[in-house]
Structure formats: structure tokens, C-alpha cells
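Asks: Got a structure for you, written out below as C-alpha cells; questions coming shortly.
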Amino acid sequence: MARDTHGPQQRVRPQPMSPQGVRAPPGALLLLLLAVLGPPTEGCPQSCACDHLLVNCTQKDLDSFPPGIPLDTRQLVLAGNRLSWLPSVSLNILMDLVYLDCSSNELGDTLEATFVSLPLVYLDLSFNNLSRVSASAFSLLHSLVVLKLSDNPGLVEVEKDAFANNTGLRELDLSRTGLTFLDASTVSQLPNLRTLGLSANPWHCYCPLRELCVWLESSTLYFPDADAISCHSPHQVQGILVSAMEENLNLMCFTNLYEKDYIFLMLIGFAIFAMGTGVAWITGVCVVLYNRACKSKEDDEDYEDTQVCPQPPRQNAKDEDFEVYINAYV
Ligand SMILES: *[C@@H]1O[C@H](CO)[C@@H](O)[C@H](O)[C@H]1NC(C)=O
Ligand SMILES: *[C@@H]1O[C@H](CO)[C@@H](O)[C@H](O)[C@H]1NC(C)=O
Ligand SMILES: *[C@@H]1O[C@H](CO)[C@@H](O)[C@H](O)[C@H]1NC(C)=O
């Protein structure tokens, strides 16, 4: 009897359906094998609701990616769980996935190799714990049309070319994040963008943001909640619309001088001063010499050249006369 109860327990233990098992290569092989053996369309992850090509795992208290998602799933909803990462292999094996909602989870900044070969059109990563969007995070999602990254309070950086490959993007939401800066070209170069969420971010309205301000003012995109795209710092401009900051920034950035500018100006000033002093000194010497020469000529009635100190001085030959005079004097 004791042996009989012991046996099944030992057999149960090595079943590798933990998330670690799925992430490791053997798990991937298993899934590939399943794919070869036949489309498991009937399967549905435990505790998820499946309907045709939709798998809905909304608010199922999942702390890891659910195993057993049918490979032909087109729409996957994982909203409202506690996922802190997405396993690349299990996700990218869903080769028909066009819609992925991972909002309201705990996804961190580990999106580097997460999205590799998915035909995603809609991707929702709002209400997560993202801290940074790198240039490669979404660079292979060529079909993306809607990307939601809003409500990630720790999101403080979006790299310059983060969406350079997402040329089909029509809607991008970066509202309510921790962004203080965004390079204008990151969003201004997207040919199909229609809606851009930038509201309620702590924008730092200083010189680097000038380009974005200028672009915002002239852009014809739709900016939801545009009244909340305002400066958070520096405190002098807090609450002012970012799009109204251009003149302020022109004033701030083109009249403000940095330390090296002051040193440069001081050098220039000194050079001008030195040159001025030199010129004044030479002029003074010349005048003195000229005056003395004239005096000595008045004293000496026998001096040959009577035109050297004319009472109304001649216009054209003045310099030559001057030179002759100085030479004569010396
Ligand atoms: C998923 O299920 C939730 C309820 O559990 C529902 O509110 C939501 O609309 C469903 N999502 C989709 C895309 O059907
Ligand atoms: C969010 O990310 C930060 C690091 O970026 C981490 O310290 C924190 O624990 C994360 N929070 C949650 C709820 O996962
Ligand atoms: C954009 O996509 C092309 C083609 O897939 C790829 O070679 C390139 O590396 C991508 N660009 C970036 C910035 O990743």
C-alpha cells in the first residue's frame, strides 16, 4: 500500500509544465512537436476563456505566461495579471498573433528580444512597469498600427529611433509616463501617425525640448488631452503648454551663455582692448611726430618742401607727405 501511494508521486514530480520549462529549449521543442503533430485548436489554457481565435486571460491572477495557448491564436488578452516578463519563445511561436493586450501587468524593462517575428498590429503595454524603450524593442514589428505605452510611471526614456521601423503606426500613446524629454524626430518622422498621446508627462521645458515644442505647435496630429501636455519643470514655467514654449525657449537658449562663452568673450574683449590701445598709441606717436615736424618747419624758413604742412591740407597726397615728413624728421 505504501509503495502504491509513493509511486504516482514520483511520476508526477518531473512534469515540466512550469514557466521555466516553457522558457528553456526543451519546452520550445515540445511546442514545436505539438505544432507538427497537429494544430491544437481545441486546447485552451487553464483558467482562460477561448473563443475561436481569441484567448482571453483577463484578471486570472497569472504570474507567468500561461502555457498551452493554441498556436493559431490571433488575439491574446493577458490584461490585469501579474506578469513581470514575457517568454520570447512561447510568445513568438504564435505566428498569427495580431492583437496582444498585456495592459495592467508588472512588465519591466526586459522587452529587448521579446517581440521577434510576430505580425502584431495592436500592442497594449499600458499600466505596466516599463522604464525604458530601446531602439530595438519594437524594431521587428513592421505591421504595428496601434502601440500603447501609457501609464508606465517609471518610463523615463524612449530612445531616438525607437519607432523608426514602425512606419505603419497610426496611434501611439505615451501619456502618463515619467518622460521628461522626447526627441522630436522619434515621432515626427512617422509617416502614418494620426494620434499621439503625450499628456500628463513631467516635461522638462529646457533647451533640448525646443525641437519638440516647435514641432508640437505646427503638427496637425490629434493629441488627446492636449491641455495636459504642459511643462512640469523648471518651476518658472510649470503648467505652461509645451507647444507654447517656443518663444520662451528661444529667449532662454539663445541668450543664455555658458561659462566657456564668457571666457571666449573675455578673450575677444581683451584682444579688442589690446588692439585699440596699440592703435591709439601709434596714432598718438604719429600726431606728436607730425606736430613736432610742423613746428620745426615753421622755425626753419629755408626748408625746401613748403607743401608739407599746408593750412588746408591736400586731400590726395597727404599720406605721402606725412611719410616724407617723418623720414625727414628722423
Ligand atoms: C475578456 O474577458 C473579460 C472578462 O473576463 C471581458 O471584460 C473582456 O471584454 C474580454 N475581452 C475580449 C477581447 O473579449
Ligand atoms: C518596477 O521596476 C523597478 C525597477 O525598474 C523595480 O524596482 C520594481 O520592483 C518594479 N515594480 C514592480 C511592481 O514590479
Ligand atoms: C528594421 O527592420 C529591418 C528589417 O527587418 C532590420 O534589418 C533592421 O535592423 C530594423 N531596424 C532596427 C533599427 O532595428
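Asks: Under 20 Å from a point placed 7 Å out from the Cα of S139 along the Cα-to-Cβ direction: which residues of the range 162-178 have their backbone N that close?
Replies: So the set is 162-169.
Asks: Using amide H atoms built 1.01 Å from N in the peptide plane, name the residues 5+ places from D151, or on other chains, whose amide H lies under 5 Å from its own.
Replies: Counting only residues 5 or more places away or on other chains, the set is F127, S175, R176, T177.
Asks: As a footprinting exposure proxy, order W215, W281 by other Cβ within 10 Å, with the fewest listed first.
Replies: With the fewest neighbours first, W215, W281 line up as W281, W215.
Asks: Under the rule of at least 5 residues apart or a separate chain, name every residue whose amide H is placed under 5 Å from the amide H of V133.
Replies: Those qualifying (amide H under 5 Å, at least 5 residues apart or on another chain) are E157, V158, E159.
Asks: Using +1 on the beta carbon of Lys and Arg, -1 on that of Asp and Glu, and nothing else charged, what's the dipole of the range 120-242 about the Cα centre, debye to 20?
Replies: On the way: 7 positive and 12 negative charges, 16 e Å.
Charge dipole, the range 120-242, about its Cα centre: 80 debye, nearest 20.
Asks: Over the range 149-248, how many percent of alpha carbon pairs lie in each 10 Å bin up to the one with the longest distance?
Replies: With a bin width of 10 Å, the distribution comes to 16, 54, 27, 2.
Asks: Next up: Summarise the long-distance tail of P(r) for the range 74-215 by giving the % of C-alpha pairs beyond 27 Å.
Replies: 15
Asks: Between C50 and residues 5 or more places away or on another chain, which pairs have amide H atoms under 5 Å apart, with H built 1.01 Å from N, and which residues are they?
Replies: HN-HN under 5 Å from C50: N56.
Laboratory data are not the source of any read-out in this text; all were calculated from the coordinates shown. Note that the structure is a prediction, hence the values are computed from the model and not measured. Reconstructed Cβ throughout: ideal geometry from the backbone, glycine too, with neighbour counts over all protein chains shown.
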